[in-house]
Structures are given as structure tokens and as C-alpha cells.
Amino acid sequence: MRIMSDQFLLSDLIDLQEIDNEIYKIESEKKSSENVELLKDLENKFNDINKNVEEVKTQLSDYYAEIESYELDKKNIVQKVQNIDEKLGEDTLDPNELLNYTRQKESNQQQLIKIDKSIELLQVDNKEELDEINKFNDSLEELKKELIETSKKVQGEWKELDIKLAEFESKKKEMILNFPHEIQALYDDLKNKGVDVIAAYKLENNQCGCCGVDLTSSELDKIMDSKFQQCHYCDGVVV
Ligand SMILES: [Zn+2]
């Protein structure tokens, strides 16, 4: 024998289920719009190209090491030239010192030119790979623009959906707060178990409204006599 308030509460669970359905619908809409799919595609492409860049860079690791060492040499020489320039700016130099420093400066400048030539040669030797990296980087720049544009569109879409979502979430919260504790506990328990449909009306032909399984009339009787009218197959509440 069930009392009236039980009946009322169990059908309340269906109202809650309907809100959950709406929430689920909005959440899947958020995940599956055309722009979200495009965003995923663009991100995959971006990551693939980045991977290609990394591969080519690995092939060029000797090149980069050599360039780095040349750049360091250049920096040191430029510093030397600066120091020499300072000396040359002093008016206490005698002609010998002047000549000496001027020669030092010239020799350093020639070293710089030599290094620049070596760098150029190195770049020519590795031209194919360097061009490849440049091409990849151009594609990445293009993709970045597309990514930003698309993610803005997605954010716009989500803004509207999030407002709807928040409305349903607060309705749901309010509803659950008005449930008796044991019903709240039942709801949490079923959600934790991963039950998809918490409550539904019985369908025609004695099917469970939650999972759709065909129930014999004795099974249905048992369900209706149990405390929360739960289906033995899916644990959902059959009203
Ligand atoms: Zn069921």
C-alpha cells in the first residue's frame, strides 16, 4: 500500500529526469556543434604540424648546435670590438697603440665576416629542411588565426547554452532540495551507479519506461510493490 505523498514524490522524480534530459541535451549540443567539430579538427591539424616541425628540428640538431656556437663566437667578438672602440676613443694613445688597436679591430671584423659566411654556408647546406620548417610555420600561423576565430564562435555559442544550462541546474537543485532525504539519497545512489534514466512512466505493453525491457505482469507487480518501484533490470524508478 502506498500513500499519496509517495506517489507524488515518485512522479516528481520524472520531472527531475526531464530536467536531466534537458541538461544532457544541452551538454551534448555543446560538445557536438559544427564549430566544435571544426575546432577539434583544427587542433589536431595544429598538433600534427607541430609534431612535423619537431621532427625536422630533431634532424637539424647538429645544425642548430653549430649555429649556436657561431652566434656565441660572434657575440664575444662584437664585445671585443666594442672594447677596442673604447680604447680607440681615448686621446692618450700613442701612435703604436693606435696602430695596434686598429689592427686588432680589423682582424676581429674579418673574423665576423668569416663567421657570417660559414653561417650562410650552413644555411645553404640545410636549405631544404629550413624551408620545410618555414612552410610549416606559415601553416601554423594560418591555423592559429582559424583557431582563434573558431574558438570565439564556440564561446559565443556556449555563452547562450550556458545560460540555459544554469537555469536548468538551479531548477534541478531547488527540486532536489524539496525532496525527502531518502529520495535524495536514492537519486544520488542511482546517479553514482551510472543509471541513465532515473525515473519514467511505465510504457504500453508492460515495458520499463527507463530501460525499455519487456516486463512480465508478475515482475511489474513486484516492481510496483517495492519501496521505490525500481525496475529489477535497470534500477530505474517505474511510475
Ligand atoms: Zn528498467
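Every read-out reported here was derived from the displayed coordinates using simple, explicitly stated rules and does not represent laboratory data. Since the structure is predicted, the reported quantities are computational estimates derived from the model, not experimental observations. With ideal geometry, Cβ positions are generated from the backbone for all residues, glycine too; neighbour counts draw on all protein chains shown.
What dipole magnitude, in Debye to the nearest 20, does region 91-239 give about its Cα centre under +1 on Lys/Arg Cβ and -1 on Asp/Glu Cβ?
Working: 20 positive and 32 negative charges, 104 e Å.
That gives region 91-239 a dipole magnitude of about 500 debye.
Separation of region 202-223 and region 132-156 by C-alpha centroid, Å?
First find each Cα centre; the distance between them is then 53 Å.
Work out the charge dipole of region 1-145 with +1 on the Cβ of Lys and Arg and -1 on the Cβ of Asp and Glu about the Cα centre, then indicate which of Ile23, Asn126, Asn137 is farthest towards its positive end.
Highest projection toward the positive end goes to Asn126.
Would you kindly calculate the mean projected area, averaged across all directions, of the convex hull enclosing the Cα atoms of region 50-123, in square nanometres? It would help to have the intermediate numbers written out before the result.
On the way: hull surface 23.2 nm².
It is 5.8 nm².
Enter the per residue convex hull volume of region 108-239, computed from alpha-carbon coordinates, in Å³ rounded to the nearest integer. Provide the component values of the computation, followed by the final result.
Details: hull volume 35.8 nm³, N = 132.
Enclosed volume per residue, from the Cα hull, is 271 Å³.
Loop sites only, by DSSP: take the trypsin sites (Lys or Arg not before Pro) in the chain that have at most 13 other C-beta atoms within 10 Å and name the longest stretch containing none of them. Don't jump to the answer; show the numbers that get you there.
Values: sites that count: Arg2, Lys193, Lys227.
Result, exposed sites excluded: 3-192.
Output the pairs from Lys74/Lys144; Lys45/Lys172; Lys30/Lys173 with a Cα-Cα distance over 29 Å in this structure; if there are none, say none.
On the way: Lys74/Lys144 35 Å; Lys45/Lys172 40 Å; Lys30/Lys173 21 Å.
Violating the 29 Å Cα-Cα cut-off are Lys74/Lys144; Lys45/Lys172.
Please name whichever of Leu98, Leu112, Tyr64 sits farthest to the positive end of the charge dipole of region 63-113, dipole taken about the Cα centre and charges placed at Cβ: Lys and Arg +1, Asp and Glu -1.
Tyr64
Working only with C-alpha atoms, what are the Rg and Dmax values of region 10-158, expressed in angstrom?
According to the Cα coordinates of region 10-158, Rg and Dmax are 30.2, 107 Å.
Suppose every K and R has +1 on its Cβ and every D and E has -1 on its Cβ; what is the size of the dipole of region 136-181 about the Cα centre, in Debye to the nearest 20? Provide the component values of the computation, followed by the final result.
Details: 9 positive and 11 negative charges, 67 e Å.
For this selection, approximately 320 debye.
Please get the size of the charge dipole for region 35-130, origin at its Cα centre, with Cβ charges of +1 on Lys and Arg and -1 on Asp and Glu, quoted in debye to the nearest 20. List each step's numbers first, then the result.
On the way: 13 positive and 23 negative charges, 30 e Å.
That gives a dipole near 140 debye.
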